[in-house]
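Read through the structure below, which is laid out as structure tokens, and then see the notes.
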Amino acid sequence: AAREGIALVDLDDDGVNRAFRSDVLQGLAQDQKAIPARWLYDDAGSQLFEDITQVEEYYPTRAETEILTARGGEFAAAIGPGRAVVEFGSGSSVKTPLLLGAVEPAAYVPLDIAGDFLREAARALGGQFPNLPIYPVEADFMRETSLPEEVASLPKLGFFPGSTIGNMVPRTAIDLLRSMRLTLQADHGVQPMLLIGMDLVKDVAVLEAAYDDAAGVTAEFNYNLIRRINRELEATIPLDALRHLARWNNDYARVEMHLEAQEPITFEVAGKRFEMAKGDTIHTENSHKFTERSGNLLLQASGWSPIRRWLDEAGQFSLILAEA
Ligand code: AVI
């Protein structure tokens with residue numbers, strides 16, 4: 001299975017990203033070839049993901065935004081005012097203002113590994129919420145992180161929207177949820193809370209269409225990984241011979257993205273030779289889907305107690321509030 005996690009950028013003398021090269025070489029040497037999904041997100045990949053959130057078949061972003069828009073009053077009642085909202089992997093989220101507008105936070109702490117992006121997003125939010133103290137933190141959200149001194153004594157609300165948790169295998173997801181709990185623990189006083197998006201198990205045709213849209217935007221997102229490998233790792237992978245594949249894996253309750261060889265191919269990456277038979281695939285992403293029970297179990301296994309759950313009108317997506 002594809003490994004995940006966000007790594008700090010690690011450049012060698014040639015300017016080649018060492019972690020990228022070693023992940024790709026290791027992943028292609030396996031029987032089931034697999035490349036960790038985090039490498040999908042270079043600048044072009046991040047833009048393509050933004051485009052995916054706009055396509056008709058990709059319902060999660062719309063469904064989660066609907067919940068945040070419609071249930072603001074209920075969030076406010078369940079969470080209460082005066083918390084520091086800590087957003088994990090904040091990026092350029094359009095969902096954040098909806099939450100901040102609802103819960104009367106005492107501070108906002110966006111946490112992201114992409115520093116420039118982070119500071120720009122923080123500036124934009126500052127314009128929208130002029131009285132809200134904002135403390136951006138440039139960090140890898142996969143690890144326990146120290147938060148700024150200014151929010152040390154405030155009770156925290158962690159925010160992890162988008163069902164990004166679904167891109168991790170359960171073991172990694174639990175590591176992350178545990179380290180979030182440690183990051184959010186106040187020096188004293190009120191227990192932290194976590195508001196987390198989890199996409200739901202549903203009709204297979206709907207799930208597969210969401211990851212294989214008719215306009216081919218998700219396919220481009222997947223192909224972009226190969227373009228990146230060819231460009232950055234002196235590779236010769238014949239993109240034309242690969243087909244984008246999105247398929248539901250019922251045993252693991254996840255949609256998997258693969259690239260499938262349409263004919264036998266051989267290619268080189270960073271001086272190493274690889275081959276694929278017709279029908280072989282490179283596994284590029286997992287997107288786990290949850291039931292009420294499986295979502296609760298994941299949280300409980302990580303030391304979080306689920307206390308409320310909201311769905312969109314069509315029942316496609318959930319936002320869960322949990323307490324440490
Ligand atoms: C970022 N993540 C939650 C997306 C998902 O739905 O798993 C990534 C994605 N991959 C293909 N389409 C969207």
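The values are calculated or read from the model by the stated rules, or taken from the named source; none is laboratory data. Owing to the predicted nature of the structure, the values given are computational and were not obtained by experimental measurement. With ideal geometry, Cβ positions are generated from the backbone for all residues, glycine too; neighbour counts draw on all protein chains shown. When the accessible area is computed, the model is the full protein with side chains, heavy atoms only, and any ligands, DNA or RNA have been set aside. Shrake-Rupley method; radii C 1.70, N 1.55, O 1.52, S 1.80 Å.
Here r is the Cβ-Cβ distance between residue 191 and residue 138 and R0 is 22 Å; the resulting FRET efficiency, rounded to 0.05, is 0.25. Gain on full extension, evaluated as 0.36 nm per residue between residue 53 and residue 204 minus their Cα-Cα distance, stands at 52.4 nm.
Tally up the carbon and sulfur contribution to the accessible surface of the chain as a whole percent, 1.4 Å probe, everything protein left in place. Could the numbers behind the result be given before it?
Values: 7010 of 14570 Å².
Result for the chain: 48 percent of the exposed heavy-atom area is carbon or sulfur.
Accessible surface calculations at 1.4 Å, restricted to protein heavy atoms, place the chain at 45 Å² per residue. The solvent-accessible area of residue 256, taken with every protein chain present and a 1.4 Å probe, is close to 10 Å². What the Cα convex hull of region 60-168 gives, in volume per residue, is 104 Å³. Here region 97-253 has an Rg and Dmax of 19.6, 58 Å, counting Cα atoms alone.
Its residue count N sets the reference 2.2 N^0.38 Å, and the alpha-carbon radius of gyration of the chain equals 1.02 times that reference. Between region 27-49 and region 108-134, what's the alpha-carbon centroid distance in Å? Spelled out, the Cα-based centre of one part sits 28 Å from the other.
Over what distance in Å are the Cα centres of region 156-184 and region 306-323 separated? So the two Cα centres are separated by 16 Å.
Cross-link partners for residue 33 among the lysines, with Cα-Cα distance under 20 Å and sequence neighbours closer than 8 places in the same chain left out: 272, 278.
Rounded if a/c is under 1.5, else prolate if a/b is larger than b/c, else oblate: which is region 189-231, with a ≥ b ≥ c the root eigenvalues of its Cα gyration tensor? Here region 189-231 falls in the oblate category.
Compute the Cα gyration tensor for region 37-93, then decide on rounded, prolate or oblate, letting a ≥ b ≥ c be the square roots of its eigenvalues: rounded whenever a/c is under 1.5, prolate when a/b is larger than b/c in the other cases, and oblate in all that remain.
In terms of gyration-tensor shape, oblate.
Each of 265, 283, 311 was placed along the dipole of region 256-324 (beta-carbon charges, centred on the mean Cα), and the one lying farthest toward the positive end is 311. Reducing region 198-222 and region 52-76 to their Cα centroids gives an inter-centroid distance of 17 Å. Accessible area ranking (1.4 Å probe, heavy atoms, ligands and nucleic acids excluded), largest first, for 64, 268: 268, 64.
For 163, 46, 146, the ranking by accessible surface with the largest value first comes to 146, 46, 163, using a 1.4 Å probe.
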